[in-house]
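Presented below is the structure to which this report refers.
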Amino acid sequence: MAETIALSIPRETVNDETGRILSWKVPSGSLVEKDELVCEVETSKVVLEIHAPAAGRLRYSAAVGEELPIGADICYIVGADENDVEPVVDAAIPESVAPAAARLSAAARRAAAQYGIDVSSFPAGTLVRRSDVLRKAGGPLADRDAGVPVRWADLPRRKLLESRILRAGQAASIQSSVTSTCRAGRLLARMQKLGLATAGLQPIVIFETGRLLKQYEELNAIHQQGRIGQYQQINIGWALDGGYGLVVPVIERADERDIHEIAAIMQQQLEAYLEQALSPAQLRGGTFTVTDLSSYGASFFQPLIAEGQSAILGIGGGPPWPGDEVLTLTLAFDHQLSEGKRAARFLQDLAARLEEHGALASPADETEPHCMVCQRDRKTLQEHKLILLRSEVPPGLVCSLCVAGW
Amino acid sequence: MVYFAIGRHAMQPESKTAEMPHAIRDAARQLYADAFLIRCFEERLLKLFSEGKLFGTVHTCIGQEFTGIAVARHLLAGDLIFTNHRCHGHYLARTGDVEGLMAEIMGRSTGICGGRGGSQHICSAGVYSNGVQGGTVPVAAGLALAQKMAGRGNVVVVFIGDGTLGEGVVYETLNVAARWNLPMAVVLENNGYSQSTQTAETTAGDILKRAEAFGIAAWHASTWDPAHLIDTMECVIGHAREQCRPAFVRVDTYRLAAHSKGDDERPAGELDQYRSMDPLNRFSASEPEEAAVLRHSAESRVSRAVELALPAEFTQIEPESAVSAGRSWQRTEIQGSELVARRIHAALREQMSQDSRALILGEDIEAPYGGAFKITRDLSDSFPGRVCNTPLSEAALVGLGTGLAMAGMRPICEIMFGDFLTLAADQIINHAAKFQWAYNGQVSVPMVIRTPMGGRRGYGPTHSQSIEKHFLGVPGLNVVAIHHRYDPYLLYRDLFAVIDQPTLVIENKALYGERVSHETIGGFWCEHTGGAFPATRIRSSAVPEITIVCYGGMLPEAEKAADRLFEEHEIVAEIICPTQICPLDVEPILESVRTTRRLLLVEEGQVFCGFGSEVAAAVHEGCPELRLLVRRQGAARHPLPASKPAELASLPGADSIVRDCVEMVRNG
């Protein structure tokens, strides 16, 4: 008996990891001559012609349209006997599929095509019914099967990755949220004064949030199987979506930095983003996230907790009452670690601090001594019964609150 | 006619013993001593029967004793006798074993066949008998063929009666014995009656001319001249032995007792006449003292035998052991993908080359024709003299096989079309399948009978059937069916290695052209149990919803059905396909049915009392606590039409299997 010869997807280019069967030139089970053209395989650059290396009987092990990895078998040539008779091809019998691939029923194949399910995603050697395909497609859309025309396209990798992160975050937590309003006063004017107009509100929010998280520790933690994992750093990520997709750069040890520092880091991350040169390191390690849609007219919204975190702060623009800047602050949190009252208190404290900053924006304050970290002026500090101290290293004035760290 | 003429011209009785020379007198005395022993034995049987100490009936040979004696005079060690229902005289003349035969007829476990065979089915010391007329002759011919192949100059003597001349298999055997030069002597005891019917009423033509028509030398003698009878037997047996040719002798005689106890309608006058002609009676009349001594001696011996037998225990029956094959499943891996026909051929070739006792008999099997389905192809070229075309006689060829197997050979009989098995039915059922058990294990018949069944070729009603079911359930007969998902080469190889019973191997015409391969339908794979005759299971990784049981030629259809069931209906089936269909191990089927609870039994033969019925009953018995949905499928209840589309519509196939499975799954 001649041996069985296997033909496989050839590697023609460095880039390709797969090839797709474009067409078969002879029916499965027919006798082929040496060098006869049997199949066309599509790669990213070219269409490859596959020829039989020897005469024999050809048996498919892949179907038209299948995408297979380089080196995967596409057909076999078995030895043909002299007295061989051409088998009668029964039209009802489907072309044989590679032994390792899953087998789909006719209904399953139709469903897979309709919902764009990759056939090779099913385990090798199994039988796949339409219900299995629908289960993989998932969701109400799949079940409805309304027959509405659909055009399918692949989602960007980034979106898939993001979905993965969010899915993980959602799965791990019991989500709740609290929303507060904050009369920001002239917070924007204040930022201008500080020379941070372009940075928006976020540096201040991040600054205050970072210090508050030292008090509200459970919002800077992770839950796992009945245990709380307290992060030993406060790394606040901020959502950035500037035309190159949504990313969340991380400001490490946000609680140890002052507003200017935070704003500078954010500026640098923005520039890197615009150049699409953000490194993975800059996106890693976040323990809390701040996301700001206030400048886009969003009144308030429900942010989603990211994987590995247990809280996220969303900033909205509040109802559009003229004459008063109002922010909504929505804290979504993991109820396994915190609860509504805590969240509300956090927001209350945060709102209070932001309101103070806003209050600092009066024109008379230019040369008024103020804490170099929190920028509160003497007057405000007095109101809060805080002390303004002179620091040698770094040189300047710092209030007692900021000396304590928060 | 001729018969009565001989009767009236019976030879004169011997002269008084006192005037004979010593040697002759001793010889004569021995002759009568032997005759008395037989007669007293038979008379005692009749008496025992009246006393209720015998079972069944006895066919006594009173009046015919000298035939067996004359034959025995010329037999050598290694010569064999195959006789019939009236066998006691033949046996006693050859062996003198009064005790063993008495115990046997009295149903004791100390009898020569342990009480299993009784009066008509004896086996001991090279003497065999069976109770069906005619069918003994080809078996004897098989024994003779084995003698010939052994080359030791032995012969086989087969005893028939005048009535046996009505059975065709006698002529089938005379034909092949003459053609093949078999050392077989046919001794026909013509006692004028076939049970209650006079020979003259039923037998046309001339008895001896029948033998002569086949070119067989024929002799004629009678029991009324024992000396001449003995001389004649010397010629007959000598001819068979020295010429290695069949011989035929007609021995006119008369039985003085009934055919079997208690049925005798013959006129009393006739009986009286023959009683007076009887040599023993005449001897008793002319030498009363001598006769009395001999008679007394015989009667004592017989009485002692009865006394020995009476206290012995009756035959015991062993409880049946359950059939069980290996329980574990292993993945089927078959190298290459050759045609089924090639694999069978390869197995036959291997057996012929490995085992010098193997030989193949069949019609048209020699090269270059190589058999109707070319299975035996070139084997006669490779193994000259051991692959033999027989005349068109299924009965003779299977009978030959039986005799050969009893003599230690390993015959393989090919029946060209399974439909023709009917012609060999008597040989298979009443002879081959019975000998081992009836003779209490003293012989075995390791004979393979292979034949193709099945339709789908438009051959019509008598060439397309699957009638194997008529041979299922015959004790002593194994039935095996090959298929293409377990290598027939392995099946045959293991069969030849373990065979100890006649085995009917059902091949399938349509299957001959299939490839032997483990590659089955997509998403499924093949497994098989352990042992020589495994069951095949075709399954997937999914939980099956219905079990399809079939064998042999139905497997490709079941596979196609399972393919479509998943493809079109998303129904997952599991196919169980045994190779040994009788006796049947149901456990693999039970295992599947416990999961699926639905069982579809598919066979190509008739459903009534068929294989499916047996499996359905066995499955219910095997798991009585389960609620099962069971259906059978088989051929339509009429002969298969020749017109192929009509034939296909009359047989189960993928369509019908899919239909039933869908209904069974949807509705139950």
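Observations
- Scanning region B:131-156 for residues that are surrounded by 24 or more Cβ atoms within 10 Å (Cβ to Cβ) and out of contact with any helix residue (DSSP H, G or I) (no Cβ under 9 Å at 6 or more places or on another chain) yields one hit, B:GLN147.
- Residue, nearest to the other protein chains (Cβ to nearest Cβ), within region B:562-589, restricted to residues that are farther than 16 Å from B:ARG666 by Cα and among the aliphatic types (A, V, I, L, M): B:ILE575
- Residue check for B:GLY89: surrounded by 23 or more Cβ atoms within 10 Å (Cβ to Cβ) and touching a helix residue (DSSP H, G or I) at 6+ places or on another chain (Cβ under 6 Å): yes
- Pick from region A:202-242, criterion more than 13 Å from A:ILE259 (Cα to Cα) and among the polar types (S, T, N, Q), ranking: surrounded by the most Cβ atoms within 10 Å (Cβ to Cβ): A:ASN220
- Of all residues in region B:550-561, none satisfies being more than 16 Å from B:GLY634 (Cα to Cα), buried (at least 24 other Cβ atoms within 10 Å of the Cβ), in contact (Cβ under 8 Å) with a residue 60 or more places away in the chain and away from chain A (no Cβ under 13 Å).
- Single residue of region B:604-641 satisfying the filter (assigned to a loop (DSSP other than H, G, I, E, B) and over 33 Å from the mean Cα position of the chain (by Cα)) that is nearest to B:GLU587 (Cα to Cα): B:CYS623
Every residue, every condition in (1) touching a residue at least 24 places away in the same chain (Cβ under 8 Å); (2) part of a loop (DSSP other than H, G, I, E, B); (3) farther than 15 Å from B:ARG450 by Cα; (4) away from chain A (no Cβ under 14 Å), yes or no:
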| site | (1), (2), (3), (4) |
| --- | --- |
| B:ARG343 | yes, no, no, no |
| B:ALA347 | yes, no, no, yes |
| B:GLN351 | yes, no, no, yes |
| B:ILE365 | yes, yes, no, yes |
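- Residues of region A:352-375 classified as of a type in the set (Asp, Glu) and either at pLDDT 80 or above or part of a helix (DSSP H, G or I) (or both), total: 3
- Failed condition for B:GLU545, given (1) in contact (Cβ under 8 Å) with a residue 24 or more places away in the chain; (2) facing chain A (nearest Cβ under 10 Å); (3) of a type in the set (D, E, K, R); (4) farther than 23 Å from B:GLY336 by Cβ: (2)
- Yes/no for B:GLN427 being surrounded by fewer than 24 Cβ atoms within 10 Å (Cβ to Cβ) and more than 23 Å from B:PRO652 (Cβ to Cβ): no
- Residue in region B:390-411 that is surrounded by 24 or more Cβ atoms within 10 Å (Cβ to Cβ), part of a loop (DSSP other than H, G, I, E, B), free of Cβ contacts under 8 Å to residues at least 60 places away in the same chain and assigned by TED's automatic domain parsing to the domain that holds B:VAL340 present: no
- Set B:LEU188, B:LEU165: member being farther than 20 Å from B:MET409 by Cα, in contact with a Ser or Thr (Cβ under 7 Å, 6 or more places away or on another chain) and not in a loop (DSSP other than H, G, I, E, B): B:LEU165
- Against the criterion of being in the same structural domain as B:VAL169 (by TED's automatic domain parsing), among the small types (Gly, Ala, Ser) and assigned to a strand (DSSP E or B), B:ALA227 does not qualify.
- Residues that are at pLDDT 80 or above and surrounded by fewer than 17 Cβ atoms within 10 Å (Cβ to Cβ) within region A:10-25 comprise A:PRO10, A:LEU22, A:SER23, A:LYS25, listed in sequence order.
- Test: residue in region B:44-52 that is touching a His at 6+ places or on another chain (Cβ under 8 Å) and more than 22 Å from B:ASN281 (Cβ to Cβ): no
- When each of B:GLU570, B:GLU625, B:GLU621, B:GLU587 is tested for being acidic (Asp, Glu) and buried (at least 20 other Cβ atoms within 10 Å of the Cβ), the lone residue that passes is B:GLU570.
- 3 or more residues modelled with pLDDT of 85 or more, touching a strand residue (DSSP E or B) at 6+ places or on another chain (Cβ under 8 Å) and of a type outside the set (Val, Ile, Thr): qualifying strands (runs of 3 or more DSSP E) within region A:172-267: A:175-183
- Just one of (1) within 14 Å of chain A (Cβ to nearest Cβ); (2) β-branched (Val, Ile, Thr); (3) surrounded by fewer than 20 Cβ atoms within 10 Å (Cβ to Cβ) fails for B:VAL293. It is (1).
The values are calculated or read from the model by the stated rules, or taken from the named source; none is laboratory data. All values reported here derive from a predicted model rather than from experimental measurement. Note that we place each Cβ from the backbone using ideal geometry, even for glycine, and neighbour counts take in every protein chain shown.
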